[in-house]
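Participant: This is the structure, below, for whatever I ask next.
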Amino acid sequence: MADRQVYVILGMQRSGTSALARAMSILGVDLGDQLLAPTELNPSGFWEDKEGWRINHQFLEISGSEDWIPGLDSTVLRSSKEYQLLFAQAVRLLEERLGRHPAWAFKEPGTDRLLFFWREVFAKVGAEEKFLFVLRNPLSIADSLISFICLRPMLSYALWLEHSALAIQGTLDRLPVIVGYERLLADPRGQVLRLVEKFNRSEQMRSAELERYADKFLDSSLAHSAYTHNDLALRCRKIPLVIDIYDLLDRRASDQVDDSAFRQQWAALYGRYEVEFPRLLRDNPWMLDPQARQLRRWRRWLLRIRQRKMEEIKRLARRAMVKLAGRR
């Protein structure tokens with residue numbers, strides 16, 4: 001086993017990456033203590049490193065993009081004057097985190113589209129790479145994004161397609177362990193033990209944490225919806241590649257496809273992606289439209305206002321409870 005290992009959790013926003021990140025400590029893999037604070041979007045915590053989040057979002061600013069805009073152009077980022085500066089910052093981040101946590105887990109959904117950058121960083125610091133990919137039915141992700149930021153389903157499917165294609169293609173030499181989110185909720189002990197076996201972490205496993213994770217942290221109600229392959233086939237007919245990629249990844253998540261067969265089938269799907277994804281963006285220019293971007297910013301602004309109001313209501317409620325308790 002290498003002296004320093006980085007476990008990279010991949011998967012689009014709202015796909016269940018936070019639930020899996022929380023499970024990493026059971027394997028004896030640490031997330032560190034410099035994490036984003038929970039919000040209304042994720043009350044149980046994002047489990048994302050603050051500095052890693054900042055670096056990824058700095059790249060979005062450089063490219064004039066954002067989380068909810070597909071088609072991130074890696075050539076623009078590579079040629080930017082800020083690239084080397086961010087590279088040096090990322091190297092310092094890895095050196096610091098791995099210095100404190102020889103087995104460290106890193107999770108930020110933007111990493112899916114920035115693997116070309118982060119893998120250079122991992123190589124620079126000499127860390128052994130371990131990849132995980134969280135798979136959730138794209139319909140469930142679309143429902144979640146409609147609820148939280150009013151994102152149109154078609155755009156959600158396009159983003160899922162980009163995140164998934166780049167995450168798998170970018171780690172094809174070190175195939176990620178694919179974890180089905182719905183399977184994790186239904187059988188947390190079985191899925192975590194599967195990871196322990198895949199990553200050979202039986203000696204580092206923290207059994208007591210597994211029980212707490214399964215009994216207290218995870219809740220089957222987190223699924224919110226239970227879509228099937230047939231549901232996806234019916235509702236995502238305009239982007240059949242989403243259906244086909246999800247099918248292959250789901251079979252891989254249940255260990256039905258070996259490495260050789262997976263790579264062979266993936267090659268055909270990624271070949272389609274290189275043709276069909278640019279065409280999808282050309283045929284749907286509204287996904288990249290500046291006015292649509294502004295509308296999404298306003299939605300997020302309203303969401304932040306709602307979140308602050310909810311936090312204030314909770315604070316007032318706590319004060320009221322303290323006062324009532326004092327009068328008894």
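Participant: Output the antiparallel fraction of DSSP beta bridges having both residues in the chain, as a percent to the nearest 5.
Facilitator: On the way: 2 of 18 bridges.
Restricted to the chain, the bridges split so that about 10 percent are antiparallel.
Participant: Find how much the distance from PHE148 to ARG212 grows on full extension, using 0.36 nm per residue of separation minus their present alpha carbon separation; answer in nm with one decimal.
Facilitator: Working: separation 64, 0.36 × 64 = 23.04 nm, distance 2.84 nm.
Answer, rounded to one decimal: 20.2 nm.
Participant: Next question. How much length, in nm to one decimal, is gained on full extension between ASP255 and LEU288, taken as 0.36 nm per residue of separation minus their Cα-Cα distance?
Facilitator: 8.2 nm
Participant: A further question follows. Quote the Stokes-Einstein diffusion coefficient, in whole µm² s⁻¹, for region 92-213, based on the Kirkwood radius over alpha carbon pairs, a temperature of 20 °C and a viscosity of 1.002 mPa s. Please list the in-between numbers first.
Facilitator: Numbers: Rh = 16.5 Å.
In µm²/s, the coefficient rounds to 130.
Participant: Considering every pair of different Cα atoms, what Kirkwood radius, in Å, is found for the chain?
Facilitator: Values: mean 1/r = 0.0477 Å⁻¹.
Roughly 20.9 Å, rounded to one decimal.
Participant: Could I have the simple spin-label model distance between ASP247 and THR75, label points 7 Å from Cα toward Cβ, reported in nm to one decimal?
Facilitator: 3.3
Participant: When averaged across all projection directions, what area in nm² does the alpha-carbon convex hull of region 138-187 cover? Mind dumping the intermediate values first?
Facilitator: Details: hull surface 16.4 nm².
That works out to 4.1 nm².
Participant: If you don't mind, there's one more thing I want to ask. Along the charge dipole of the chain, which of GLY180, ALA214, SER74 sits closest to the positive end, that is, farthest toward it, with unit charges on the beta carbon of Lys, Arg, Asp and Glu (+1, +1, -1, -1)?
Facilitator: Positive-end residue among those listed: ALA214.
Participant: Take the alpha carbon atoms of region 197-278, find their radius of gyration, then divide it by 2.2 N^0.38 Å using N residues; give the quotient. If you can, show how the numbers build up before the last one.
Facilitator: Values: Rg = 17.6 Å, N = 82, 2.2 N^0.38 = 11.7 Å.
Against the compact-globule rule of thumb, the ratio is 1.50.
Participant: Could you size up the charge dipole of the chain around its Cα centre, putting +1 on the beta carbon of Lys and Arg and -1 on that of Asp and Glu, and report it in debye to the nearest 20?
Facilitator: On the way: 51 positive and 43 negative charges, 337 e Å.
Charge dipole of the chain: 1620 debye, to the nearest 20.
Participant: With each label point set 7 Å from Cα along the Cα-Cβ vector, what nm distance links GLU311 and HIS229?
Facilitator: 4.4
Participant: Could you tell me the relative contact order of region 5-288? Use alpha-carbon pairs under 8 Å, at least six residues apart, and round to a whole percent.
Facilitator: 25
Participant: Please compute the length gained on full extension between ARG174 and ALA88, using 0.36 nm multiplied by the number of residues separating them and subtracting their Cα-Cα distance.
Facilitator: On the way: separation 86, 0.36 × 86 = 30.96 nm, distance 2.44 nm.
Answer, rounded to one decimal: 28.5 nm.
Read-outs throughout are calculated quantities, based only on the coordinates presented, and are distinct from any laboratory measurement. It should be emphasised that the depicted structure is a prediction, and the values quoted were computed from it without experimental measurement. Ideal geometry is used to build each Cβ from the backbone, glycine not excepted, and the neighbour counts take in all protein chains shown.
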